[in-house]
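Read-outs throughout are calculated quantities, based only on the coordinates presented, and are distinct from any laboratory measurement. The structure displayed is predicted, hence computed values, not measured ones.
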């Protein structure tokens with residue numbers, strides 16, 4: 001699909017990235033190419049409200065994501081959540097981004113299926129679609145039914161073809177992906193046990209991890 005002129009198409013993909021790995025990057029790149037995004041911003045979270053605190057500091061996680069996407073447009077890094085002295089609420093990020101964009105720019109919040117199903121527990125979740133479209137990364141082994149609290153929203157806002165999303169915000173669509181069987185937990189476990197994580201993270205990220213002694217087992 002050719003790039004549109006006029007309104008920009010910007011995706012945001014958040015996470016702790018502890019560490020960033022090939023699963024994150026491949027998903028991001030596939031979405032960026034499929035949707036012909038002008039930018040896909042990876043946004044490391046500082047204090048995620050719904051999960052345990054990251055194992056390594058914000059400084060290191062940001063550096064690793066920057067290394068991972070270097071020279072790989074349209075992927076880029078946005079550090080706004082790390083500059084906030086409070087939990088990383090997506091609604092705050094979206095409101096901040098909207099204040100910097102043109103009124104007709106399209107903003108896409110990219111979520112995995114599990115994160116999407118957990119939306120009703122998010123801070124001010126019902127306001128998210130005022131600022132963005134939501135793209136859900138669906139996969140063949142995911143549960144086929146959304147929680148009851150989301151069914152009315154899906155009935156009213158879902159669009160079958162993500163390439164037909166219109167306007168700057170307000171709709172939901174699904175992108176089918178076959179995920180890579182890799183997780184940050186798996187990588188941290190390998191590194192803590194002294195095993196290799198090569199080919200699970202970019203070489204530049206692995207070099208950084210070793211140079212800074214990250215994810216080693218506590219003595």
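Counting each pair of different Cα atoms once, what's the Kirkwood radius of the chain in Å, rounded to one decimal? Walk me through the intermediate numbers first.
On the way: mean 1/r = 0.0552 Å⁻¹.
18.1 Å is the Kirkwood radius here.
Separation of the range 45-88 and the range 92-136, taken as the distance between their Cα centroids, equals 17 angstrom.
Which of rounded, prolate, oblate describes the range 7-135, given a ≥ b ≥ c as roots of the alpha-carbon gyration tensor eigenvalues and a/c under 1.5 marking rounded, otherwise prolate only if a/b is larger than b/c? Don't skip to the end; give the middle numbers.
Working: a/c = 1.43, a/b = 1.06, b/c = 1.36.
Verdict is rounded for the range 7-135.
Dividing the summed -39500 (n - 2.57) terms of all DSSP H runs of n ≥ 4 by the residue count of the chain sets its mean residue ellipticity at 222 nm at -9000 deg cm²/dmol. Converting the Cα gyration tensor eigenvalues of the range 170-219 into ellipsoid dimensions via √(5λ) gives semi-axes, longest first, of 29, 12, 11 Å.
Quantify how much of the Cα-Cα distance distribution of the range 30-76 extends past 17 Å, in percent.
On the way: 487 of 1081 pairs.
Counting pairs separated by more than 17 Å, the tail of P(r) holds 45 percent.
So in the chain, what percent of DSSP beta bridges are antiparallel if you round to the nearest 5? Roughly 0 percent of the beta bridges in the chain run antiparallel, per DSSP.
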